[in-house]
Amino acid sequence: MDFYEVLKKRKSYRGYDSSKNIPDDVLARIGNAVNLAPTACNRQPIRFLLVRDAALREKICSVYTQPWLKEAPAILVAMEDETQAWHRFEGESASVIDVAIAMEHFVLAAAAEGLGTCWICAFKRDEMDQALNIEKPWHTVAISPIGYAKADACRNTGRKPQDEIFQVIG
Ligand SMILES: Cc1cc2nc3c(=O)[nH]c(=O)nc-3n(C[C@H](O)[C@H](O)[C@H](O)COP(=O)(O)O)c2cc1C
């Protein structure tokens, strides 16, 4: 698929066909896309868990309780380790940026494979870590369902005018 078509196809999908599993070769290609993501100083302070196990998915759904998350056959958990990360000159860790870039590789690769995803950050990170036994220095940043989306699973979301967001100067 053309790259710009993939960008248009990527939307936040909030409804999944739970009877359709994702083939392993598709997951392997998506995993490779995640692994190609750049990180600051190439520190790679990131780890992504693709949870298919039903009991673990239930634990995730007890922290992020929107009912459509339960429909997904798999849920991605994206984590950072600030201790491995490059830190900005002001002292701030770049690991959330690193995770975000790799997460977007995941989301776009999934779209290219005909799969739906949805960035999710509206949960308490410590609660998610606890539910999944994620131990320090690792810390959950975001999660996303992945699966074959239902037909009516995405909203029409508008955007600000392009020249408000992206400006060419000179
Ligand atoms: C950092 C981030 C966090 C988000 N967290 C949530 C979330 O917790 N729950 C949710 O339903 N959508 C979440 N979204 C999805 C946004 O609402 C969505 O991307 C936005 O409305 C634009 O719609 P679109 O993705 O379909 O283009 C999140 C998106 C981003 C980038």
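Can you say whether Thr83 is in contact with an Asp or Glu (Cβ under 7 Å, 6 or more places away or on another chain) and either closer than 27 Å to Ala131 by Cβ or surrounded by fewer than 17 Cβ atoms within 10 Å (Cβ to Cβ) (or both), as far as the supplied structure shows?
No; evaluated as a whole, the condition is false for this residue.
Residues of the stretch 122-166 being among the polar types (S, T, N, Q), modelled with pLDDT under 95 and assigned to a strand (DSSP E or B), which ones?
Hits for the stretch 122-166: nothing passes.
Looking at the stretch 86-96, which of its residues are closer than 19 Å to Phe123 by Cα and open to solvent by less than 20 Å² (accessible area, probe 1.4 Å)?
Ser95
State yes or no: is Ala72 surrounded by fewer than 16 Cβ atoms within 10 Å (Cβ to Cβ) and of a type outside the set (S, T, N, Q)?
It is false that Ala72 is surrounded by fewer than 16 Cβ atoms within 10 Å (Cβ to Cβ) and of a type outside the set (S, T, N, Q).
For Gly91, state whether it is farther than 18 Å from Ser18 by Cβ and more than 12 Å from the chain's Cα centre (by Cα).
Criteria met by Gly91.
Which one is surrounded by the most Cβ atoms within 10 Å (Cβ to Cβ), of the residues in the stretch 17-50 that are free of Cβ contacts under 8 Å to residues at least 60 places away in the same chain and over 17 Å from Ile101 (Cα atoms)?
Leu27
The values are calculated or read from the model by the stated rules, or taken from the named source; none is laboratory data. Nothing here was measured: the structure is a model prediction, and the numbers come from that model. Glycine also receives a Cβ, built like all others from the backbone with ideal geometry; neighbour counts cover every protein chain displayed. For the accessible areas, the whole protein counts, side chains as well, though only heavy atoms, and no ligand, DNA or RNA atoms are used. Shrake-Rupley method; radii C 1.70, N 1.55, O 1.52, S 1.80 Å.
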